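So the structure is just underneath, and the comments pick up after that.
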Amino acid sequence: YDDKLLVGKVNVDEQGEIASLFGIQSIPTLLLFKEGKAYYAPFLTMLVRKVEADAFAVRVGVIVPKKKFHHAVDRNCMKRLLRESYRLQKPSLYAAFSEANFEYRLLLIFTGKELLPFSEVNRDVCMLLSRLKKTVGQQAD
């Protein structure tokens, strides 16, 4: 099931933004992404779920696994780099989707095994977001 099913485990005490992003009220919780989409880059996986809403919005969560980064300082460093990269791409994302009446919930999962410089993180985030924009643009046509 390697290409068909992606399984992840999140500690909601450490990843509170993930719990709020997906509306987790109690634990344990199992989430299935039906009609969601996964996008892959060399060091990132992005899960996308589209939800009907009154207005366009994007909600983003970031996961850096403790299994690969044992020290919190390393995990937090990668999370900051991922968030900053998304922040820099956010205006173009909003410009591309401003007509949609959907909320997009994005989950960026860092899959690399070592700390990366911002240039590589930014390259992967840009790549994934451009694929998302292209996919959403094709669905609108």
| remark: Given a Förster distance of 22 Å, the FRET efficiency implied by the Cβ-Cβ spacing of F118 and Y40, rounded to the nearest 0.05, works out to 0.60
| Reachable lysines from K79, criterion Cα separation under 19 angstrom, eight or more residues apart if same chain | K9, K66, K67, K68, K90, K113
| remark: Applied in sequence order to segment 76-82, the curve 6.51 cos²θ - 1.76 cosθ + 1.60 (Karplus, θ = phi - 60°) yields integer Hz couplings, x standing for Gly and Pro, of 5, 4, 5, 4, 4, 5, 5
| Charge dipole (debye, nearest 20) of segment 37-96; +1 at Cβ of Lys and Arg, -1 at Cβ of Asp and Glu | 260
| task | Starting from the amide H of V58, placed 1.01 Å from N in the peptide plane, find each other amide H under 5 Å away whose residue is 5 or more places distant or on another chain. | result | Y104
| query | For segment 66-108, what value does the Rg/Rh ratio take when both radii are computed over Cα atoms and Rh is the Kirkwood radius, given to two decimals? | reply | 1.15
| message | Using the Karplus curve 6.51 cos²θ - 1.76 cosθ + 1.60 with θ = phi - 60°, what ³J(HN,Hα) values do you get for each residue of segment 122-131, in whole Hz, with x for Gly and Pro? | response | 5, 4, 5, 5, 4, 4, 5, 5, 5, 5
| said: I'd like to know which of Y86, V60, H71 lies farthest towards the positive end of the charge dipole of segment 60-121, counting +1 on Cβ of Lys and Arg and -1 on Cβ of Asp and Glu. | reply: H71
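Can you tell me the dipole magnitude for segment 76-118 around its Cα centre, using point charges on the Cβ only (Lys, Arg +1; Asp, Glu -1), in Debye to the nearest 20?
Numbers: 7 positive and 4 negative charges, 43 e Å.
Dipole about the Cα centre, nearest 20: 200 debye.
FYI, it's all coordinate maths here, none of it is from the lab. Since the structure is predicted, the reported quantities are computational estimates derived from the model, not experimental observations. Glycine gets a Cβ as well: all are built from the backbone with ideal geometry, and neighbour counts include every protein chain shown.
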